[in-house]
1. Working only within region 667-683, note down all residues that are free of Cβ contacts under 8 Å to residues at least 60 places away in the same chain and assigned to a helix (DSSP H, G or I).
2. Checking the conditions here, which among Leu321, Leu241, Leu225 is buried (at least 19 other Cβ atoms within 10 Å of the Cβ) and in contact (Cβ under 8 Å) with a residue 12 or more places away in the chain?
3. Would you please name the residue that is farthest from Leu286 (Cα to Cα), looking only at residues in region 16-47 that are open to solvent by 20 Å² or more (accessible area, probe 1.4 Å), in a loop (DSSP other than H, G, I, E, B) and at pLDDT 70 or above?
4. Scanning region 622-651 for residues that are in contact (Cβ under 8 Å) with a residue 60 or more places away in the chain and not in a helix (DSSP H, G or I), which turns out least open to solvent (accessible area, probe 1.4 Å)?
5. Scan region 490-510 and report the pairs whose first residue is over 15 Å from Ser432 (Cα atoms) and whose second residue is hydroxyl-bearing (Ser, Thr, Tyr) and in a loop (DSSP other than H, G, I, E, B), with Cβ atoms within less than 7 Å and a gap of 6+ or a chain change.
6. Answer yes or no: is there a residue in region 413-426 that is assigned to a helix (DSSP H, G or I) and over 30 Å from Gly377 (Cβ atoms).
7. Answer yes or no as to whether Asn496 is within 29 Å of Ala422 (Cα to Cα), at pLDDT 80 or above and open to solvent by 90 Å² or more (accessible area, probe 1.4 Å).
8. In region 304-318, how many are open to solvent by 30 Å² or more (accessible area, probe 1.4 Å) and either touching a residue at least 12 places away in the same chain (Cβ under 8 Å) or over 17 Å from Asn391 (Cα atoms) (or both)?
Amino acid sequence: MRFWLRNEEMALEEMVQRLNAVSKNTDEIMHQDIVPLCAADIQEQLKKRFAYLSGGRGQDGSPVITFPDYPAFSEIPDKEFQNVMTYLTSIPSLQDAGIGFILVIDRRQDKWTSVKASVLRIAASFPANLQLVLVLRPTGFFQRTLSDIAFKFNRDDFKMKVPVMMLGSVPELHGYIDKSQLTEDLGGTLDYCHSRWLCHRTAIESFALMVKQTAQMLQTFGTELAETELPNDVQSTSLVLSVHTEKKAKAKEDLQLALKEGNSILESLREPLAESTSHSVNQDQLDNQATVQRLLAQLNETEAAFDEFWAKHQQKLEQCLQLRHFEQGFREVKTTLDSMSQKIATFTDVGNSLAHVQHLLKDLTSFEEKSSVAVGGARALSLEGQQLIENKHYAVDSIRPKCEELQHLCDHFATEVTRRRALLSKSLELHSLLEMSMKWCDEGIFLLASQPVDKCQSQDGAEAALQEIEKFLETGAENKIQELNKIYKEYECILNQDLLEHVQKVFQKQESTEEMFHRRQASLKKLAAKQTRPVQPVAPRPEALTKSPSPSPGSWRSSENSSSEGSAIRRGPYRRAKSEMSETRQGRTSSTGDEEENLAILRRHVMNELLDTERAYVEELLCVLEGYAAEMDNPLMAHLISTGLQNKKSILFGNMEEIYHFHNRIFLRELESCIDCPELVGRCFLERMEEFQIYEKYCQNKPRSESLWRQCSDCPFFQECQKKLDHKLSLDSYLLKPVQRITKYQLLLKEMLKYSKNCEGAEDLQEALSSILGILKAVNDSMHLIAITGYDGNLSDLGKLLMQGSFSVWTDHKKGHTKVKELARFKPMQRHLFLHEKAVLFCKKREENGEGYEKAPSYSYKQSLNMTAVGITENVKGDAKKFEIWYNAREEVYIIQAPTPEIKAAWVNEIRKVLTSQLQACREASQHRALEQSHSLPLPAPSSTSPTKGSTRNVKKLEDRKTDPLSLEGYVSSSLPKPPEKGKGWSKTSHSLEAPEEDGGWSSAEELINSSDAEEDGGVGSKKLAPGKYTVVVGDEKEGPDTLDMRSGDMVEVVEEGAEGLWYVRDLTSSKEGWVPASSLSTLLGKSSSAQCLSSSDSSPGSAVLSNSSSCSEGCPTPFSELQG
């Protein structure tokens, strides 16, 4: 890699040198290094043709500059004259210019005074070497005579370093310069067109500039290519290669256009010769052709230098792409091989029976076949890497270890499979031996049991049975376990506890079987050796024994008691199931223990990362405070501090020192105390959650800090401090550390929580994570809050910022113009809302400008709604993302559309909490004030008539609501005017609101009466009350003939408004009725409402909020129309 970088640097350096040489040569060709003046710069001055370079040469090759007859020669400004002279003398080659110029001054049509002035002016300001000055004097008799006399008497005025020849005619001029080198106006034959000459010069110089710019462009492009950082993934590398190839094609296209332009100019210069072979070409035309050819050569050199560099750069990018493909394949293959190795490592079972081992071998073979694809891919990838190395890839140092690792992984996997197969083969061999031994034992037991006792009593029968037994015992050499210790030693690698017990039991069965045979042999030998009187024994036939001599393998086990020769017990094939169950239990216990251990390791890893990063963070803060902040107070550094930075330390660093002391003295030590119990680290965060609020202050100051940094980042003070600290990064990177750190905690807590699900501190970790996320949200919200502009008041007076976000807002105000209302329904406004405890602010989000923190948007304040006069409708029909915020009895209605239903739900819930808390506070204040009021109230006499009673069912519903925590309670008194007629009540129809039951949220209808209006009128007047049912908060138990006795908790109904500000009231609890003055009713009713509208007012907590058109489904799911009964 380093070798390639050196090669690329060398290639870039070589290209830069070659292209610099091209630029330098171009300047030399055009003499720009001596006279940086172009024809395009003085084109208008050259067009005047008061002097021109015709291309003619003197006898010794001196360039001829002609000054034709130009009446306004004396009027030419000195600057223009000097520019033209400088430019004309820079065109011939340095060799020709070194010989000296011949000036031909044609003044045949001029006067002597002009001739003298012209010659003196030219002689005084000519910028190059002069060889000869030829002046064609005036041809008029008088002027010629005058010039002869004047020239003789004023010869001293014309004394110059070169001779000045006064010529009287053109033929005399031909004596100095050949006719072929003079233009037609001077009697020569030289073909010269000034406009064509000027066009050619402009084109040549433009082409030279194009060559130089092309070289510079390719140099810049090559540097850009060389400095491009190589991506780390296939997609990005392919994109870079594609982009660079496109740019290279564009550069080559520009190069080809330049070449085409140069060839076109060269053809234009050669055109006169091509049209006529007899056409003579002057020296300047030959020089122009040579100049263009040299420029084309420089352009070809530019192309060659760039092509050579591009070939190397393209090779680098292609090799980089090959490397990224190789690395991607390596990661995929390594993951697969690691997974396969982990899986093969789990194959630890050696089987508990012959069939089980055969099944395991079959599984291993199947796994090996499936894995062969991945192994083959890994080996192919390794060969691909080797090919890259052979092709001299620049990243050999990176490719070779990966190839070796792939080879190692493949070999390791193959070794593990081979080892596993060998173990299973051993197990198969052992279980085959055990099966043979068990089969031999079972067959022997069957043989002994099948021998008839009656036949064995005779000599012949005993001998036959004895031979049969001896023949069977001879087969034991091949089928028996010969030496148990030998078995232990030979199969030690696979003998686990279960298998060891199985071997021992089989060997015990074998020994028991042999012992039974030896006893039978001894008995039969006695019978065969000596026969006494015949005996007729009667032996029962074993009914349970089968006739088959070949039972299934592994289905017989020896009896624990082998004392009886003829007794044999069959055992079912339970061993495998038992072994599998035992192994499963053991595996599960082992797996659980490993998992717990792994989780503990991961927790320690996260804890170590937390501690390491915390220590590094503290060190970095200390370094900044000592290396920068403290140095701002150092008198020796004062001269390096700019004026704009003086006395701005608190702005630049904020409360970083406070953050440092908290982490260094408190938090780091508490974290270190949890190093042995990482899962308990959540408590450290919970106990210090209040201290973490200091980050909010730091983040709020960050925009000011960053703005100051941008203004003063070039200050020598910072450079000196950075040099002393030997920091690679500038101060602004370290000022960002606290912001990065507070966001890092939640990531570490998430990791710790993931590995501590069932640990003691899991709940603390979850709570700590939630708290940290809450702090981040508060910090984020505060960053938005400080971006509000145009708000006159103090935002801190609005209480805590609860939520903020962007919404689409429609307005529908009663006081608005109809047309505006209709338009507002279709065209939403984009507003950013800030929900505080006491108000909701509507702001307009402005465009993001600037850099860093200045990219954060700003918010232009538009309006605010006091939360004490706000109500909400949770659901708006037709859109699950909309809800309503209304103000002052729906005088102003704002339809809010959230980006998602979840955001809407969060806002509705938060607003509901605010309004509920305000409602509770108002109710408590009302109750407190009512208790302080006098218990004696003057009341009018009761009425003798009462209106019709309400429905018992609805009364019961209202009584059931007395204990509702959201119920609005009140106090009611009575008065004396004539009651309404029987059966007649309030004539106005109540609105039925079934939306709460359907939507499950807060809703409101129309005609909400806000209490702020009642306060202005001095109480609840006739226009502010509405018929409905209310709850009495404080009872009035004064007895009197005209008193409507009511107690706290009674349900009352305000029926009708009478004359003189009286209201007819019915006590639904005691069934009493009477008139109550409106002024008293305002006090007694308190904040009780006929239905629960979650709304507060701007008035004092005791003022009434009365509505017959709003409800809360959570408080009362019954529609309001039923409650009105």
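The values are calculated or read from the model by the stated rules, or taken from the named source; none is laboratory data. The structure displayed is predicted, hence computed values, not measured ones. Cβ placement follows ideal geometry from the backbone for every residue including glycine, while neighbour counts extend to all protein chains displayed. Only protein heavy atoms, including side chains, enter the accessible area calculation; ligands, DNA and RNA are left aside. Shrake-Rupley method; radii C 1.70, N 1.55, O 1.52, S 1.80 Å.
1. Within region 667-683, Phe667, Leu668, Arg669, Glu670 qualify.
2. Exactly one residue qualifies, and that residue is Leu225.
3. Asp41
4. Ile641
5. So the pair list comes out as Gln508/Ser558; Lys509/Ser558.
6. yes
7. The answer is no for Asn496.
8. Counting residues in region 304-318 that are open to solvent by 30 Å² or more (accessible area, probe 1.4 Å) and either touching a residue at least 12 places away in the same chain (Cβ under 8 Å) or over 17 Å from Asn391 (Cα atoms) (or both) gives 6.
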